[in-house]
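Readers should treat all values here as calculations from the given coordinates under stated rules, not as data from a laboratory. Fair warning: this is a prediction, and the values are worked out from it, not measured in the lab. Cβ coordinates were reconstructed from backbone atoms using ideal geometry, including for glycine residues, and neighbour counts include every protein chain displayed.
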Amino acid sequence: MRNIGIVFKKQGKDTAKNITVLIQFVIYPIVAAVMENAIHVEDLPENFFVGMFAVMHISMAPLSAMAAVISEEKEKNTMQVLLYANVKPMEYLCGVGGFVFGACMIGSGVFAILGKYTGGDLLLFLLIMAAGTLTSILVGAAIGIRSRNQISATSVSMPVMMIIAFLPMLAMFNRDIEKVANFVYSQHIQLLLNGLKTKTAAEPENVIVIVLNNAVAVGLFALAYRRKGLT
């Protein structure tokens with residue numbers, strides 16, 4: 001726990017100096033706040049922009065941040081210094097992942113305030129966001145571990161997170177895309193968030209798909225770690 005805490009604090013300081021990573025955590029809540037207060041269209045569903053950008057937040061921010069941080073430290077050999085200092089690979093990953101998770105959940109809290117969630121709905125909202133964030137962290141970590149440097153990590157993470165983030169939005173306008181989106185966790189995160197405001201009960205399919213996606217993400221992470229490690 002001590003080593004994890006050290007890595008957590010180190011990552012916090014590094015992120016404060018790295019605008020590219022830092023902006024990932026703040027851009028979506030800011031845009032959601034602007035859109036929610038600036039655009040008023042008749043018959044627009046309640047919290048439309050909150051839900052849309054919340055899904056983008058958990059789909060893009062943790063994935064790109066994990067891939068960027070891990071690949072950068074591998075490229076600059078700072079990870080080797082940590083490993084030589086008796087920080088075990090899983091301690092490092094838990095420290096970085098814990099920081100990214102915490103930062104994303106702070107953003108989720110902002111979305112909850114914008115959406116005016118309270119009581120049980122607030123807890124459900126944060127739980128749904130946490131599930132999506134965890135899956136994205138695992139996918140991002142797998143990409144970062146597999147990549148030799150930041151450029152290769154970005155070239156892989158960018159299309160992956162764009163697909164995950166924009167499928168739910170495109171599914172609203174196209175039935176064929178909706179069929180594909182139903183296999184991706186971000187689509188069911190959005191359905192669950194929408195259900196909180198409409199008081200619609202969650203379908204078993206929503207939970208099953210999210211759990212299966214999480215299991216696939218764990219498998220991808222385990223495979224990447226087994227083959228490449230952090231060296």
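Principal axis extents of the C-alpha atoms in region 175-224 (largest first, rounded to whole Å): 40, 23, 14.
For the chain, which span is the longest to avoid every loop-located (per DSSP) member of GluC sites (Glu not before Pro) having at most 15 other Cβ atoms inside 10 Å?
So the longest stretch without any such site is 47-231.
By the rule of a C-alpha distance below 17 Å, with chain neighbours fewer than 8 residues away ignored, the lysines paired with residue 197 are 116. Looking at region 132-203, the chymotrypsin sites (Phe, Trp or Tyr not before Pro) that sit in a DSSP loop and have at most 15 other Cβ atoms within 10 Å of their own Cβ are 173, 183. So, how do all the Cα-to-Cα distances of region 66-143 break down into 10 Å bins, in percent, from 0 on up? Whole-percent P(r) values from 0 Å outward: 17, 40, 25, 14, 4. Estimated from helical segments only, the mean residue ellipticity of the chain at 222 nm is -28500 deg cm²/dmol, where each DSSP H run of four or more residues counts as -39500 (n - 2.57).
Cα convex hull of region 1-90: mean projected area in nm², to one decimal? Provide the component values of the computation, followed by the final result.
Working: hull surface 29.3 nm².
Directional mean of the projected Cα hull area for region 1-90 stands at 7.3 nm².
Taking every C-alpha pair closer than 8 Å and separated by at least 6 residues, the mean separation divided by the residue count of region 96-199 gives a relative contact order of 24 percent. Can you give me the Cα centroid spacing of region 77-141 and region 168-218 in angstrom? Rounded to whole Å, the Cα centres lie 20 Å apart.
Mean Kyte-Doolittle of at least -0.5 and a Cα length of 18 Å or more along the axis: which whole DSSP H helices of the chain meet both? If you can, show how the numbers build up before the last one.
Numbers: long enough: 2-17 (23 Å, -0.89); 19-38 (26 Å, 1.73); 48-75 (40 Å, 1.01); 89-114 (38 Å, 1.55); 119-146 (41 Å, 1.73); 150-171 (31 Å, 1.61); 185-198 (20 Å, -0.08); 204-228 (36 Å, 0.85).
Span-like helices here: 19-38, 48-75, 89-114, 119-146, 150-171, 185-198, 204-228.
Excluding the site residues themselves, the longest part of the chain lacking any trypsin sites (Lys or Arg not before Pro) in a DSSP loop with at most 11 other Cβ atoms within 10 Å is 1-147. Per-residue Cβ neighbour counts within 10 Å put 111, 99, 8 in the sequence 8, 99, 111, beginning with the fewest.
Assuming 1.567 mPa s and 4 °C, estimate D for the chain with Stokes-Einstein, Rh taken as the Kirkwood radius over Cα pairs, in µm²/s.
Details: Rh = 18.1 Å.
Estimated diffusion coefficient is 72 µm²/s.
Positive-end ranking of 84, 50, 37 along the dipole of region 2-228, with charges on Cβ about the Cα centre, is headed by 84.
Taking all Cα pairs closer than 8 Å and separated by 6 or more residues, the relative contact order of the chain comes to 26 percent.
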